[in-house]
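Here you go, one structure.
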Amino acid sequence: MFDFVHQKKRIVQFILALATLPFLFWGLESYDSSDGEDYLASAAGEKIHRQEFDQALRNQQESMRATMGENFNDSMLDNPELRSAVLEGLVQQRLLKHEAVRVGLSVPDSQLVVVIQDISAFQQDGKFSKQRYEELLRDQGMTSRIFEARVRQEMMRQQLIDAYTGNGFVPISVAERLMKLGDEKREISLVQIQPEQFLSQTKPDDAAIKSYYDSHQAEFQLPEQVSVEYIVLALDDLTKELPVTAEEVANYFEEHKGELGQPEERRASHILITVPVTASTEEKSAARAKAEQLLTQIKQAPQRFAELAKQHSQDPGSATNGGDLGFFGRNMMVKAFEDMVFQMKPEEISGLVETDHGFHIIKLAQIKPAKLVSFDEVKSQLEQEVKKEKAGKVFGEMAEGFNNMVYEQSDSLRPAAEKYGLRIRQSGWIGRKAGEPPYFTNGKVLQAIFSEEAIKNKRNTEAIEVAPNTLVSARVLDHRPATMPSIAALKDKITGLVARQQAAEAAVKAGREKLAQLQEGKNGTVGWDGMRQISRKEPQGLDNDILRAVFKAEVTRLPSYAGVANPQGGFTLIRVSRVIDPVPTEASERKNFARQLQQVLAQEELSSYLAGVKKRYDVTVKD
């Protein structure tokens, strides 16, 4: 039980953290009316669209930021497990909504009213304010009917969950026992009986070798193999060989002067009020109204731009920095946003700029002018660019001719090699599933060289693209079918393997015999290592098998002895010299631990229930 609690603790904490996802302004059925096919999952016939997932991820971000404070980092949201858990939460929302209806749960209007009126965001001077309620919903582009339907659904969902999370019970006596087991220490010594100690005594006979050979055929079988000759046509090789003139490089410089050096960059800040592309006209109007209200405040007090960005911007990547986006150049932002930034003057504040992300208010902070470079600074770089450009023009024609020639003159690679100035290379032995890098790890190449046409008729393979602008054609020189070496050829190898196996068995046998003697009180001479104190919480590097044996050992009479066979061979003898009882814990600690156990139990019950619900409905999650 203690191991179970220790292993599940992080999972429980993670689930509890996800349980704080805000649902009030986003969640159930947020995108049910969307006509797009950009959805990530389907649950009980309802699609979960990407926009809803993105918003749920933003909600999770805000929740984690509020909980973790300075320890939060935006990169945490890139964790695949967290993203999967957020999507799973949205799936569960859908399923539990249907499940609540199936089992006949309902929420009376009177109970709904009490819950909504108790939400602090809708209160003024400690009392529910209908005006504030309507204003906040209007700011979110939501009607009271939609909001109340979502709250009702969430309350029904919560009724289902509370039946499990609210009824876990762990007696204090159980918690005390588990705490004691976790904190108890035992002073131990070990001795390892290794197979190497018995190797010199083992001499496998012919019968043992034959038995091992017969039972390990698959292990010793040599796979089918081929050796090939091959040629490679690569743009990189062609680039190295093509000459360029000084005039060509100078002309390239003049044509691309504006692209060289450091282009102009601008630093800007923005406030974003998000609105999905699929939003209704009412939702867009509400978002625009909110953005216009902010713009009015900023024009009245431009010095408050950063402060208002922190408070109101819905761009999680920049809001905490006062909306600062840093320096960026052309083609790094969406077009409407970029066009506005690159026509503004420093300290200027834009009007509303609409993009697919929503409405932006932009402030230009700084302009970093373009920095041009001299010809001498980039001459060597330009030579390579000119070579690449020339090679690219030639390579397309060469590739087509190369492909045709290795196919039409398929009995030899030499014509293609001579025409294109390529070296014919030879490989070592190549297996069906593994070959020499860089070309013979490619699946298409392996499939081609092991085809019947290549092996039996010794035909060239087609030209296969193994990397961008890199073509390979190969021809089989020799072929070895899969074979089973004779027992005579493998005798030395098998003798060593059997000897090791027998030595491991001898080590375990000797360990068990020594353990029996120790338990009978016949100590003899054992080279125990130094004493160490371990606990279940602090195993001091011991593996689980040894740790389990230590704490299963009978300690009514000390020293006590135990032992365990090692997975890698050999045997570990254990001597328990002393048991150190833990210091009694405070009552508050016991209560806290019992509460943690209750959470574990409740979450396990809930997880089992949710798994059952998931089987009851059709659920599809896209890759």
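The values are calculated or read from the model by the stated rules, or taken from the named source; none is laboratory data. Bear in mind the structure is a predicted one, so any value in this text is a computation, not a measurement. Cβ atoms come from the backbone with ideal geometry, glycine included; neighbour counts cover every protein chain shown.
One line per residue, one yes/no per condition, for (1) surrounded by fewer than 16 Cβ atoms within 10 Å (Cβ to Cβ); (2) of a type outside the set (Asp, Glu); (3) within 30 Å of Lys390 (Cα to Cα); (4) assigned by TED's automatic domain parsing to the domain that holds Arg575:
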| position | (1), (2), (3), (4) |
| --- | --- |
| Ile455 | no, yes, no, no |
| Arg500 | no, yes, no, yes |
| Glu505 | yes, no, no, yes |
| Leu515 | no, yes, no, yes |
| Gly521 | yes, yes, no, yes |
| Pro539 | yes, yes, no, yes |
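So which strands (runs of 3 or more DSSP E) are wholly in the stretch 184-296 and hold at least 1 residues that are within 30 Å of Gln381 (Cβ to Cβ) and hydrophobic (A, V, I, L, M, F, W, C)?
Because the criterion is at least 1 residues that are within 30 Å of Gln381 (Cβ to Cβ) and hydrophobic (A, V, I, L, M, F, W, C), the strands (runs of 3 or more DSSP E) in the stretch 184-296 that meet it are 225-234.
Going by what's in this entry, would Leu40 be described as within 19 Å of the chain's Cα centre (by Cα), crowded, with 17+ Cβ neighbours inside 10 Å and within 25 Å of Ala611 (Cα to Cα)?
Taking the combined requirement at face value, the residue satisfies it.
Condition check ((1) among the basic types (Lys, Arg); (2) exposed (fewer than 13 other Cβ atoms within 10 Å of the Cβ); (3) over 39 Å from the mean Cα position of the chain (by Cα)) across all residues:
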{"position": "Asp214", "(1), (2), (3)": "no, yes, yes"}
{"position": "Gln221", "(1), (2), (3)": "no, yes, no"}
{"position": "Val226", "(1), (2), (3)": "no, no, no"}
{"position": "Leu233", "(1), (2), (3)": "no, no, no"}
{"position": "Glu248", "(1), (2), (3)": "no, no, yes"}
{"position": "Glu254", "(1), (2), (3)": "no, yes, yes"}
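Still on this structure, I have one more. Any idea which of Ala482, Ala499 is in contact with a strand residue (DSSP E or B) (Cβ under 8 Å, 6 or more places away or on another chain) and under 30 Å from Pro204 (Cβ atoms)?
It is Ala482.
Every residue, every condition in (1) touching a residue at least 24 places away in the same chain (Cβ under 8 Å); (2) in contact with a helix residue (DSSP H, G or I) (Cβ under 7 Å, 6 or more places away or on another chain), yes or no:
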{"residue": "Asp118", "(1), (2)": "no, no"}
{"residue": "Ser129", "(1), (2)": "no, yes"}
{"residue": "Leu137", "(1), (2)": "no, yes"}
{"residue": "Arg150", "(1), (2)": "yes, no"}
{"residue": "Glu154", "(1), (2)": "yes, no"}
{"residue": "Ile161", "(1), (2)": "yes, yes"}
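Does Gln293 qualify as being out of contact with any strand residue (DSSP E or B) (no Cβ under 9 Å at 6 or more places or on another chain) and without any contact (Cβ under 8 Å) to a residue 40 or more places away in the chain?
yes
While we're on this one: Residues in the stretch 530-548: is at least one without any contact (Cβ under 8 Å) to a residue 40 or more places away in the chain, within 22 Å of Glu184 (Cβ to Cβ) and part of a strand (DSSP E or B)?
no
On to the next question. What number goes with the only condition from (1) in contact with a strand residue (DSSP E or B) (Cβ under 6 Å, 6 or more places away or on another chain); (2) at pLDDT below 85 that Ser189 does not pass?
(2)
Residues are listed down the side, and each one gets a yes or a no for (1) more than 30 Å from Leu178 (Cα to Cα); (2) out of contact with any Gly (no Cβ under 9 Å at 6 or more places or on another chain); (3) surrounded by fewer than 17 Cβ atoms within 10 Å (Cβ to Cβ):
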{"site": "Arg480", "(1), (2), (3)": "yes, yes, yes"}
{"site": "Ala488", "(1), (2), (3)": "yes, yes, yes"}
{"site": "Gln533", "(1), (2), (3)": "no, yes, yes"}
{"site": "Leu547", "(1), (2), (3)": "no, yes, no"}
{"site": "Ala553", "(1), (2), (3)": "no, yes, no"}
{"site": "Tyr561", "(1), (2), (3)": "no, yes, no"}
{"site": "Ser577", "(1), (2), (3)": "no, yes, yes"}
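Oh, and also: If Gln311 satisfies every condition in (1) in contact (Cβ under 8 Å) with a residue 24 or more places away in the chain; (2) outside the structural domain of Arg459 (by TED's automatic domain parsing); (3) within 37 Å of the chain's Cα centre (by Cα) but one, which is the exception?
It is condition (1) that Gln311 fails.
Quick check: is even one residue across the stretch 603-619 crowded, with 18+ Cβ neighbours inside 10 Å, touching a Pro at 6+ places or on another chain (Cβ under 9 Å) and among the aliphatic types (A, V, I, L, M)?
Scanning the stretch 603-619, I find no residue that is crowded, with 18+ Cβ neighbours inside 10 Å, touching a Pro at 6+ places or on another chain (Cβ under 9 Å) and among the aliphatic types (A, V, I, L, M), so the answer is no.
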